[in-house]
Amino acid sequence: MAIRINGAEIAVPDDARVSLLGLLREQLHLTGTKVGCNQGACGACTVLIDGERVLSCLTLAVQADERSVTTIEGLSGAGSHKLQDAFIEHDGLQCGYCTPGQICAADAMLREIAAGVPSYITADLAAPARLTREEVRERMSGNLCRCGAHNGIVDAILQVAAERTA
Amino acid sequence: MSRMQNVVIETVKTALGWVPAQWLPGGTPDPLIERRVALGRQDSRLDGPAKVTGLARFAAEVPMERLCYGALLHSTVTRGRIARLDTAAAEAAPGVVLVMTHRNMPRIGTLALIGVSDLSAVGNSSLPILQNDEVRYNGQVVAAVLAETQEQADHAASLIEIDYAVEAAKTRFDDAKAAARTPASILIERNHVLVGNAAQEVDRAAHRVDNLYRTPGHNHNAIELHAVTVAWQGETLLVHDATQMIAPSANALAKLFGLKKQQVRVLSPYVGGGFGGKGLWDHQVVAVAAAKLVGRPVRLMLSRESVYRMIGGRSPSEQRVAIGADADGRFNAIIHTGYSVMPPYGACPEQYTMCSRALYNAKSFEIVQHHVDLDIVPNTYMRAPGEAIGTFAIECAVDELAHQMGIDPIELRRRNEPERHPLSGTAFSQRALTTAYAEGAQHFGWERRLAEPGARRDGEWRIGMGCASGSFPYARMPGAHVRLTLRRDGTVNLSCSAQEMGMGTSTVQVQHAADRLGLPVEAISFDMGDSALPAGSMAGGSSQTVSLAAAIMAATEKLTGELLRLAGNDSPLAGLRARDVQLVDAGIGDVADTARHESYRSILTRAAREEVSVIAAGSPPLEMLKFAMHSSSAVFCELRVSEVTGEIRIDRLLGSFDCGTILNPKTAASQFKGGMIMGIGLALTEETLFDARNGRIMNATLADYHIPVHLDVPEIDVIWTGIPDPRSPLGARGIGEIGITGVAAAIANAVFNATGKRIRDLPITLDKLL
Ligand code: FES
Ligand code: FES
């Protein structure tokens, strides 16, 4: 049994209680994934499993068996990810604690919109979802930020999205 | 605080009143106000790359060998004694290293409470920590478990059995009001202020409002959980903490555990949000003691529930504001009184009347605060303590009066704008609130507001606009030190124990030092977040930036003297004294003759020195006592209220700030917006729900305590006057807390304008509008 984490094969932990978050932070020292509540309410622990966003605090490590996990450390590969640069440019962070979760969530969220997945506020469920500021705000609402970097976060995401479609 | 303190402070203020202003700090405005190169530029924050890549290590992320993990157990009763305690099952559970209760916790003293008389005190609670069987509030820590893994510790903590002998507890705000205390002072201000006969003036006034405003408890809810990683290394103690007060925490822990100052090192290079909540609480003390008992390093990260249970937040309040005005709208009386919670073992007086002392002229005043003693987790400072909720009360009252009189609320404020501080008569160092209103109103399109409530609608939505003033006092902390090291290669290192919670501390001080020393920002580095460095100031009271700036000014002065001495007679600068020179172009130049200049590199090379290093502290902050110094703001809001559901959507929010020089527009805008967004939460959703029967918090999760999320936050507009304060370092005043002030009132006033309903009880939830 193994989990692929940022490209490396990692054995599934023996203790079945270990969450994916606990595995990442305490056993692998991949502390870029943060913890704000451990109960699915803040989004700080967001990582990608096979490219989709999940809350790693609500995911048991065993559930990720045979899957591919990408954390903030793996997102950028060698250089930096466009979203990471845009967050800095738009000051989409202050304390920086929610930031890895916001970036991972945004990365997956943009793919969700591109795939036409509707959100709670999408008016026309028949048409493909459109990328608007409202849509981004709604879809990012599971990622809390107490410092209040919301405007910069949304600006950064919209800029990256615009560059991708350009 | 004491009556004695009132006398001392008032005597100092009076004495300073006679001292010519030019003898005091800020007597000559800081020359950098006129000479900015890097300052004022939109530099991106220097810690950005480490944070967006996840490489910035926070307190709970420091790897250590042989680490064990802690979990806490909290009292489920409010007052009483532990009658039976059975830890056998927990001790026998797999992986458990230690179960610590009052029985085996090492005996230690209590923490000195944060206060103005002892600036090094950091205690939020003076209750003993695991020292006896007594329980004083619901949620108090009663046991700790250490185990090999977090999962094992959490499980073992659930196996501890406790029976309590329950005693009667005070948990009802309304009942406890009768026995409220009235302290002699609130922070450094006299508490009870009486000017004229305000009660009589209100009665006689042509126009008057007189209402009660209620605000609930709030929690800081920094996304990073409180955490420490602690290691005893022989007789020295290493504490990786998430704290806003590095140097004083190290001192306090040293005192508590009988160590010398130098034996304790607190490291906190990154803090995942503080807002007043990341101070010294029980968990650091428990972790240090437990680590000592087991002889192993300990990591203790609180669960989110634990944060609510044991880290106090903003006190609830009930405030009365009465304003009397003559036919022209000039105030002849302001009354602002009320009750907030402050248990005798707590430290924070929640100074909600401070704003009403400085915002308006009035012929008479009555101001006083009463402390209600409840058996609950001790409240503490939270972003703009006092002003955040005090401005809600006074600024709603002003709006109510304006409506009653049929005057535009901005005009009513303008008519009562003070020339000098309304109570003390001291001059303002700088104040342009009227300008902030004018510019804000123009940007916002205030002229489109209809004075009549409920007049604008769009389908099911009623639309309204509101405005309110924000206010926050200037503070500079005495005794902030910095080390400045100039190296022969022309680079400079600054270092002190300052803290970075997202304010942009290092970014802006690097910009500052570059301009102060005549260097490019690339030449400057800044080390901080470590108590082994010279003690900077704490991050609180929106004071860190100017406190560090004053220390850097002092260090630069010292360095200049040192360099002139080293330059000697072979230098083109020979014979010049410190007051004759300025630091420009990576060296020292004659002010009078720009051709006379020598570079740092050349001076150090000739003197055969690798570096010159100085440590200095900022001058005593006497400007605070000589002048009335406040940041102020005009906040504007436009929102919609659904007639069907009572739902409120904020469409536009604008803050127009008068806070002195803005040092970095990019990071400053973020500070302002961050405060304003917390203000949205304060107005509409945030509430710590104490069960009145037992003082237990009922919504101790981020799912049940609602902070604003992306969809709640509109694009926020932030503008500023940018007028420098001639009395402060860099011309700057604090910007970290002013943002939250005035916002709740602007929103409540907009709700009234939209619906005609006046909600004086925060948060303004849907049910209150139906
Ligand atoms: S830590 Fe997973 S959602 Fe908060
Ligand atoms: S940047 Fe601090 S919580 Fe988002």
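Computed from the coordinates by the stated procedures, all read-outs in this text should not be read as laboratory data. This structure is a prediction, so every number in the text was calculated from the model and none was measured. Backbone-built Cβ (ideal geometry, glycine too); neighbour counts: all protein chains shown.
Average the reciprocal distances over every distinct pair of alpha-carbons in the protein assembly as shown, invert the result, and give the Kirkwood radius in Å.
Numbers: mean 1/r = 0.0346 Å⁻¹.
Evaluated on the protein assembly as shown, it is 28.9 Å.
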Inter-chain Cβ neighbour average for residues B:130-137, partner chain, 10 Å: 0
Under 5 Å, built H, 5+ apart or other chain: amide partners of A:Ser19: A:Ala61
Amide H contacts of B:Ala143 (H built 1.01 Å from N, under 5 Å, at least 5 apart or other chain): B:Leu73
Spherically averaged projected area in nm², based on the convex hull that wraps the Cα atoms of the stretch B:380-419: 3.5 nm²
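What translational diffusion coefficient, to the nearest whole µm²/s, does the stretch B:24-67 have by Stokes-Einstein, given a Kirkwood radius computed over alpha-carbon pairs, a temperature of 25 °C and 0.890 mPa s viscosity?
Details: Rh = 14.8 Å.
Translational diffusion coefficient: 166 µm²/s.
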Note, ³J(HN,Hα) from phi for the stretch B:548-553, Karplus 6.51, -1.76, 1.60, rounded to Hz, x at Gly and Pro: 5, 4, 5, 5, 5, 4
Vicinal HN-Hα couplings computed from phi for the stretch B:456-462 (Karplus, 6.51 cos²θ - 1.76 cosθ + 1.60; Hz; Gly/Pro x): 10, 9, 8, x, 6, 9, 9
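I need B:Ile108, B:Ile367 ordered by Cβ neighbour count within 10 Å, fewest first.
Values: B:Ile108 18, B:Ile367 23.
Lowest count first: B:Ile108, B:Ile367.
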Top positive-direction residue, dipole computed over the stretch B:318-430 with Cβ charges, set B:His370, B:Ala358, B:Gly338: B:Ala358
Sorted by Cβ neighbour density within 10 Å, fewest at the top, the residues A:Ile153, B:Ile648: B:Ile648, A:Ile153
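What list do you get for B:Phe672, B:Phe173 if you sort them by fewest beta carbons within 10 Å? Don't skip to the answer; put the middle values down first.
On the way: B:Phe672 27, B:Phe173 21.
Ordered by Cβ neighbours within 10 Å, fewest first: B:Phe173, B:Phe672.
Show me the ranking of peptides B:537-548, B:394-405 by mean Cβ neighbours inside 10 Å, starting with the highest. List each step's numbers first, then the result.
On the way: B:537-548: 26.9, B:394-405: 23.3.
Ranking the peptides B:537-548, B:394-405 by packing returns B:537-548, B:394-405.
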For the stretch B:108-229, with +1 on Lys and Arg beta carbons and -1 on Asp and Glu, the positive-most of B:Ser125, B:Gly217, B:Leu146 along the dipole: B:Gly217
Calculated Rg and Dmax of chain B using C-alpha coordinates, Å: 27.0, 84
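My understanding is that a pair violates if its Cα-Cα distance is over 20 Å; which of B:Lys170/B:Lys768; B:Lys278/B:Lys666; B:Lys13/B:Lys558; A:Lys82/B:Lys51; A:Lys34/B:Lys666 do that in this structure? Don't jump to the answer; show the numbers that get you there.
On the way: B:Lys170/B:Lys768 28 Å; B:Lys278/B:Lys666 25 Å; B:Lys13/B:Lys558 29 Å; A:Lys82/B:Lys51 14 Å; A:Lys34/B:Lys666 25 Å.
The pairs that break the limit, which is 20 Å between Cα atoms, are B:Lys170/B:Lys768; B:Lys278/B:Lys666; B:Lys13/B:Lys558; A:Lys34/B:Lys666.
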The stretch B:178-297, dipole about Cα centre (Lys/Arg Cβ +1, Asp/Glu Cβ -1), debye to the nearest 20: 340 debye
Shielding of B:221-228 by partner chains, average beta-carbon count, 10 Å: 6
Alpha carbon centroid spacing (whole Å) that separates the stretch B:181-196 from the stretch B:690-709: 32 Å
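Let me know the charge dipole size of chain B about its Cα centre in debye, to the nearest 20, where only the beta-carbon of Lys, Arg (+1) and Asp, Glu (-1) is charged.
1220 debye
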For the stretch B:355-416 versus the stretch B:635-654, the gap between their alpha-carbon centres in whole angstrom: 22 Å
Residue mean of other protein chain beta carbons inside 10 Å, B:302-308: 2
For the stretch A:2-76, size of Cβ-based charge dipole, Lys and Arg +1, Asp and Glu -1, in debye: 260 debye
Dipole of the stretch B:1-153, positive direction: furthest Cα of B:Leu111, B:Ala59, B:Ala92, with charges on the beta-carbon: B:Leu111
Relative contact order [Cα under 8 Å, 6+ residues apart], the stretch A:2-76, whole percent: 41 percent
Long-range amide H partners of B:Val341 with built H, under 5 Å: B:Val372
Average projection area in nm² (convex hull over Cα atoms of the stretch B:123-175, one quarter of hull surface): 5.7 nm²
Note, ³J(HN,Hα) from phi for the stretch B:738-751, Karplus 6.51, -1.76, 1.60, rounded to Hz, x at Gly and Pro: 3, x, 7, 6, x, 5, 4, 5, 4, 5, 4, 5, 5, 4
The stretch A:2-76 pair-distance distribution - Cα-Cα, 10 Å bins, rounded %: 22, 62, 16, 0
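Over chain B, calculate the relative contact order: mean separation of alpha carbon pairs under 8 Å at least 6 apart, over the residue count, as a percent. Each step should come with its number before you reach the end.
Numbers: 1958 pairs, mean separation 133.6, N = 770.
Relative CO of chain B lands at 17 percent.
Please list A:8-16, B:187-195 highest first by mean number of surrounding beta-carbon atoms within 10 Å per residue. Display every interim value, and only then the final one.
Values: A:8-16: 13.1, B:187-195: 17.6.
Listed from highest to lowest mean packing, they are B:187-195, A:8-16.
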Span-like helix ranges in chain A, DSSP H, alpha carbon extent 24 angstrom or more, Kyte mean at least 1.0: none
Relative contact order [Cα under 8 Å, 6+ residues apart], the stretch B:328-469, whole percent: 24 percent
The stretch A:82-165: radius of gyration and largest Cα-Cα distance (Dmax), Å: 12.4, 40
